[in-house]
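Let me begin by presenting the structure, written as structure tokens, before commenting on it.
The values are calculated or read from the model by the stated rules, or taken from the named source; none is laboratory data. The structure presented is a predicted model; accordingly, all values stated were derived computationally and were not measured. Cβ coordinates were reconstructed from backbone atoms using ideal geometry, including for glycine residues, and neighbour counts include every protein chain displayed. Just so you know, the surface numbers come from the protein's heavy atoms only, side chains and all, with ligands and any DNA or RNA stripped out. Shrake-Rupley method; radii C 1.70, N 1.55, O 1.52, S 1.80 Å.
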Amino acid sequence: MIDAATDARPATAGSARAGVAAAREAHRAAAPWPYATLDVAAARRNGWQPAPVHDIVLKIHQRCNLACDYCYVYETVDQSWRDRPAAMPQDVWEAAVDAIGRHAQTRGSRGVRVILHGGEPLLFGTERIGALTTRLRAAVPDTCAVEVGMQTNGVLLTERRLEALRPHGITFGVSIDGVPEVHDAHRVTRSGRGSFAAAARALDLLRRPEHRASYAGILCTVSAGTDPIACYEQLLAFDPPTVDLLLPHANWQHPPQRPHDAATPHADWLIAVFDRWYSGGETRIRLFEDVISLLLGGGSRSEQIGLSPAAVVVIESDGAIEQVDALKSAYPGACATGLDIRHDELDSVLDDPGIIARQLGPAALSDTCRACPVHRVCGAGHYAHRFRPAEGFHNPSVYCADLRKLIDHVHGRLSEDVRRRVAGQVTGAS
């Protein structure tokens with residue numbers, strides 16, 4: 001374990017403060033709320049306390065071997081990846097894992113989750129991934145459990161790599177968008193060839209008994225206008241332990257595509273899958289479980305829904321400490337904090353208005369949202385989906401109508417079940 005008191009970081013406090021100031025000045029123009037109008041001091045006076053960082057995303061490789069047409073890193077307005085190292089240099093990843101160790105020790109954390117991300121993280125190479133993971137586990141106190149995950153497109157996930165990385169306890173989530181024709185329409189190589197077959201090979205490897213413990217699940221982007229049940233059945237064929245269904249990143253400046261002028265095509269797609277899933281329960285789907293949990297008064301594990309405080313930090317390949325990278329779909333520099341892992345601690349981000357806004361619960365919602373009867377379930381959706389130019393993020397989600405329709409539908413199914421059970425108990429008692 002690395003001594004938390006040991007600190008060989010460069011003395012760059014002045015430059016760090018300048019970086020933070022520059023980042024916030026740029027934010028004020030693009031997103032007045034929260035950067036110009038959110039009263040952080042008042043929030044603190046009213047009792048708000050920051051939730052500590054719990055998930056750390058390491059962008060170990062900034063480039064990708066695919067060219068997905070909806071990618072928020074490469075295909076949207078923020079092109080900061082072009083100015084960053086392709087691979088995270090050793091001094092950066094060493095500083096990152098050491099900072100994670102200090103964070104876990106200072107906070108007395110019982111567990112920490114680190115996600116290796118990209119680009120395509122497997123381009124970093126198995127040897128470097130192994131070295132990073134080994135140092136990470138040494139840096140964190142023995143009393144803190146370390147969970148290391150990786151999100152990959154699966155193209156490079158081979159038997160040999162799985163065998164090499166198994167001793168490091170890494171779990172793998174694979175991105176795949178259902179049936180081949182839908183997946184291959186969007187998730188293509190740089191030469192334009194589809195990548196479904198390669199992703200399917202990776203998933204077939206992970207579902208084998210010897211690799212099952214390394215199988216985290218599937219990430220699938222909703223493709224409105226396609227066959228939702230065919231997609232779901234294709235995902236089930238890979239026997240995933242869990243599935244994440246994600247809405248395509250969009251906002252009020254760049255709204256989502258709605259095929260055939262449908263009012264709520266994403267809700268319609270999700271509702272079809274929900275009804276099949278609710279009846280069969282063949283796997284776990286986080287979005288649906290979170291909606292049910294929230295309707296029953298519980299919490300959420302997802303950025304897509306609910307009001308649970310967000311405390312995810314991204315460390316880019318150049319050492320920049322940033323907010324969740326989905327914000328790259330909003331405006332250039334939307335993720336920036338001006339902090340650097342080589343001379344700033346992870347909890348430094350908890351002073352950033354963008355992070356604070358995502359921890360304030362109902363107080364961060366627009367008047368429109370707070371007036372909505374399901375606002376504690378919806379939570380205005382994903383923060384990135386609320387962006388409107390010249391206003392910022394104090395808006396309903398661009399998927400507002402879809403989210404309301406999905407939540408109402410799930411509520412209806414739950415209510416129907418309760419009525420049926422009550423009626424059955426009454427009948428049995430009589």
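What do you reckon, is HIS254 closer than 22 Å to CYS68 by Cα, open to solvent by less than 70 Å² (accessible area, probe 1.4 Å) and in contact (Cβ under 8 Å) with a residue 60 or more places away in the chain?
For HIS254, the condition - closer than 22 Å to CYS68 by Cα, open to solvent by less than 70 Å² (accessible area, probe 1.4 Å) and in contact (Cβ under 8 Å) with a residue 60 or more places away in the chain - is not met.
Scan the range 48-62 and report the pairs whose first residue is farther than 16 Å from GLY149 by Cα and whose second residue is hydrophobic (A, V, I, L, M, F, W, C) and in a strand (DSSP E or B), with Cβ atoms within less than 6 Å and a gap of 6+ or a chain change.
From the range 48-62, the pairs are VAL53/VAL313.
So in the range 130-154, with the set limited to residues that are out of contact with any strand residue (DSSP E or B) (no Cβ under 7 Å at 6 or more places or on another chain), surrounded by fewer than 22 Cβ atoms within 10 Å (Cβ to Cβ) and of a type outside the set (Asp, Glu), which one is farthest from ASP69 (Cα to Cα)?
Across the range 130-154, the extreme among qualifying residues is THR143.
Out of (1) within 20 Å of ASN251 (Cβ to Cβ); (2) in contact with a Pro (Cβ under 9 Å, 6 or more places away or on another chain); (3) modelled with pLDDT of 95 or more, what's the single condition that is false for ILE60?
Status for ILE60: all satisfied but (1).
Of the residues ASP275, ASP268, ASP344, only one is under 23 Å from SER80 (Cα atoms), over 15 Å from the mean Cα position of the chain (by Cα) and not hydroxyl-bearing (Ser, Thr, Tyr); which?
None of the others qualify; the one that does is ASP344.
Restricting the search to the range 278-287, which residues are out of contact with any Phe, Trp or Tyr (no Cβ under 6 Å at 6 or more places or on another chain), at pLDDT 95 or above and either more than 14 Å from PRO240 (Cα to Cα) or open to solvent by less than 60 Å² (accessible area, probe 1.4 Å) (or both)?
Selection gives TYR278, THR283, LEU287.
Count, please, the residues in the range 24-47 that happen to be of a type in the set (Lys, Arg) and in contact (Cβ under 8 Å) with a residue 12 or more places away in the chain.
Qualifying residue count for the region: 1.
Could you look through the range 30-40, keep only residues that are assigned to a helix (DSSP H, G or I) and closer than 16 Å to CYS335 by Cβ, and pick out the one that is nearest to the chain's Cα centre (by Cα)?
Per the stated criteria, the residue is PRO34.
Report yes if ALA42 is farther than 18 Å from ARG102 by Cβ, at pLDDT 90 or above and open to solvent by 30 Å² or more (accessible area, probe 1.4 Å), otherwise no.
No; evaluated as a whole, the condition is false for this residue.
I'd like to check something: does the range 127-143 contain any residue that is within 21 Å of the chain's Cα centre (by Cα), modelled with pLDDT of 95 or more and over 26 Å from GLN105 (Cβ atoms)?
So far as the range 127-143 goes, no, none of its residues is within 21 Å of the chain's Cα centre (by Cα), modelled with pLDDT of 95 or more and over 26 Å from GLN105 (Cβ atoms).
Could you figure out which of (1) farther than 25 Å from LEU203 by Cβ; (2) at pLDDT 95 or above isn't true of ARG110?
Result: ARG110 fails condition (2) only.
Only residues in the range 185-213 that are within 21 Å of ILE170 (Cβ to Cβ) count as the first member; pair them with residues that are open to solvent by 60 Å² or more (accessible area, probe 1.4 Å), Cβ under 6 angstrom, at least 6 apart or cross-chain, and list the lot.
Close Cβ pairs satisfying both conditions: ARG207/ASP239.
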